[in-house]
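Undergrad: Take a look at the following structure, please.
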Amino acid sequence: MTVSMTERLYYHDSYLREFAADTLECAGDGATVYLDRTAFYPASGGQPFDLGSIAGIAVREVIDEGDRIAHLLAAPLAAGHVTCSVDWARRFDHMQQHTGQHLLSAVFEELFHLRTVSFHLGAESATIDLEGGAVDARVLSAVEARANQIVFENRPVHVTYEEAAGVQGLRKASEREGTLRIVSIDRLDRSACGGTHVRATGEIGAVLVRKVEKVRQTVRVEFLCGGRAVRRARADYEALNRVAQLFSASLDDVPGVVTAQMEAGRTAEKTRRKLELDLAGYRGRELYQNTAPGPDGVRRAVRRANAGSLDELRALAQSFTAQPQAVFVATLTDPPSVLLAASADSGVDAGQRLKAALAEAGGRGGGTARMAQGSVPDAALLDGMVGKL
Ligand SMILES: [Zn+2]
């Protein structure tokens, strides 16, 4: 059991990506490695752990254990002197997002007194949760503009060490005691933080604020900085451009063109329904003419359909029974259902007759004397019902 500590090189130089170290311990099967010094950042404070390699073996995870930092490797490592390499693309991305978070949190506070209560850095985007009021498009636009202005000013980002007892001007009070690591953005923000940051705001790159959603008592704001903002803007452009090409429109005209297209679609659907009804009317009258009256002088028509909706058959039934002495029966196999319509002079009360037949078949339903419909438990019962209607 060793009591040695891991020196955190990233505290003093977040740009260090190649370093040499000695192993303190290779624990477990040899794949959990403790070093006397490390530039690998362990997951902490919303910032994910670094990846990279130790003596050529891939680092899978980095865990802060207090005095020491555990590096979980893809394979066992023999104790000794090792050279190490931090996956710089991943780390620098985290530095951009993390410093961008300090910047955005400070600007939300400065302009609108919105306090950041938590921060999450994900693989695609990062979020901060804000407390203290509503966040609308005007707020977002103002904060985004101000944050980018401070990026353009390329203000220095400093790290200092101060005693917790005497520390002043922190955006968020620290609960830690002893020496605090203070990360400052010149003339804007002072925060106690153990994470890795860029050395000046210009390196954050463009700051892009996106989705906003209410999460319980807070407002969650999604943002992307630097490389992520550029990649996202490119993906947004390509998606929007595909839509624009479909409509042969310019990008800026897409919202208007899509709105007009949706309205045209709704109008066409209304027209289609009206024509469907008109057509059912013609079909009903034609069916009536082609149906010979029975001995009682009543024309009976039966329609059987496999699937669909009884509503589609209602228009046909209405039209058929708008003629004198007419009875119309329709069945649907899936779901098993039946419809009965009768003209006023047919001597048939559709509601009563269907109800009686449904009761016998164990079905449910009802309606008026002119039109009734119901469902039965099994399609096999439908033929038997038709004979009774
Ligand atoms: Zn930080």
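Undergrad: May I ask you to list pairs of residues, at least six apart or on different chains, whose Cβ atoms are under 6 Å apart, with the first in segment 335-361 being under 17 Å from S319 (Cα atoms) and the second being open to solvent by 20 Å² or more (accessible area, probe 1.4 Å) and assigned to a strand (DSSP E or B)?
TA: Partner pairs satisfying both residue conditions: L339/Q373; A341/M371; A350/M371.
Undergrad: Turning to a different aspect of this structure: What single numbered condition from (1) away from the ligand (no atom under 16 Å from the Cβ); (2) under 23 Å from the mean Cα position of the chain (by Cα) fails to hold for S250?
TA: Of (1) away from the ligand (no atom under 16 Å from the Cβ); (2) under 23 Å from the mean Cα position of the chain (by Cα), only one is false for S250: (2).
Undergrad: Considering only segment 81-95, I want to know if a residue exists there that is closer than 22 Å to R228 by Cα, more than 16 Å from the ligand (Cβ to nearest atom), hydrophobic (A, V, I, L, M, F, W, C) and assigned to a helix (DSSP H, G or I).
TA: Yes.
Undergrad: Return the residues of segment 154-175 that are of a type in the set (A, V, I, L, M), open to solvent by less than 40 Å² (accessible area, probe 1.4 Å) and modelled with pLDDT of 95 or more; say none if nothing qualifies.
TA: V157, the sole residue that qualifies.
Undergrad: Within segment 34-60, which residues are of a type in the set (V, I, T) and either assigned to a loop (DSSP other than H, G, I, E, B) or over 30 Å from Q101 (Cβ atoms) (or both)? Walk me through it before giving the result.
TA: Residues of segment 34-60 that are of a type in the set (V, I, T), as a first pass: 38, 54, 57, 59.
Residue satisfying the conditions is I57 alone.
Undergrad: Within segment 176-194, does at least one residue satisfy the condition of being in a loop (DSSP other than H, G, I, E, B), within 11 Å of the ligand (Cβ to nearest atom), open to solvent by less than 10 Å² (accessible area, probe 1.4 Å) and not small (G, A, S)?
TA: No, every residue in segment 176-194 fails to be in a loop (DSSP other than H, G, I, E, B), within 11 Å of the ligand (Cβ to nearest atom), open to solvent by less than 10 Å² (accessible area, probe 1.4 Å) and not small (G, A, S).
Undergrad: Suppose we keep only residues that are modelled with pLDDT of 95 or more and over 19 Å from the mean Cα position of the chain (by Cα) within segment 118-134. Which one would you say is nearest to the ligand (Cβ to nearest atom)?
TA: Among those residues, the one meeting the criterion is L130.
Undergrad: Still on this structure, please answer the following. Which one is farthest from Q352 (Cα to Cα) among residues in segment 288-333 that are open to solvent by 30 Å² or more (accessible area, probe 1.4 Å) and part of a helix (DSSP H, G or I)?
TA: Only one residue fits best here, namely Q289.
Undergrad: Counting only residues that are open to solvent by 100 Å² or more (accessible area, probe 1.4 Å) and not charged (D, E, K, R), how many does segment 238-260 have?
TA: Of the residues in segment 238-260, 3 are open to solvent by 100 Å² or more (accessible area, probe 1.4 Å) and not charged (D, E, K, R).
Undergrad: Just name the residue that is nearest to H12 (Cα to Cα) out of those in segment 196-218 that are within 16 Å of the ligand (Cβ to nearest atom) and open to solvent by 20 Å² or more (accessible area, probe 1.4 Å). Break it down into steps so the answer makes sense when it comes.
TA: To start, the set of residues in segment 196-218 that are within 16 Å of the ligand (Cβ to nearest atom) comprises 196-201, 203-204, 207.
Cutting the leftovers down to open to solvent by 20 Å² or more (accessible area, probe 1.4 Å) gives us 199, 203.
Values: R199: 11, E203: 18 Å.
Per the stated criteria, the residue is R199.
Undergrad: Do we find that V221 is in a strand (DSSP E or B), under 30 Å from R155 (Cβ atoms) and away from the ligand (no atom under 16 Å from the Cβ) in this structure?
TA: Yes.
Undergrad: Would you check if V151 is more than 16 Å from the ligand (Cβ to nearest atom), surrounded by 21 or more Cβ atoms within 10 Å (Cβ to Cβ) and modelled with pLDDT of 95 or more?
TA: In short, yes.
The values are calculated or read from the model by the stated rules, or taken from the named source; none is laboratory data. These figures come from a predicted structure and were not determined experimentally. Neighbour counts are summed over all protein chains in view; Cβ atoms, including those assigned to glycine, are modelled from backbone coordinates with ideal geometry. With ligands, DNA and RNA removed, areas are computed over all heavy atoms of the protein, side chains included. Shrake-Rupley method; radii C 1.70, N 1.55, O 1.52, S 1.80 Å.
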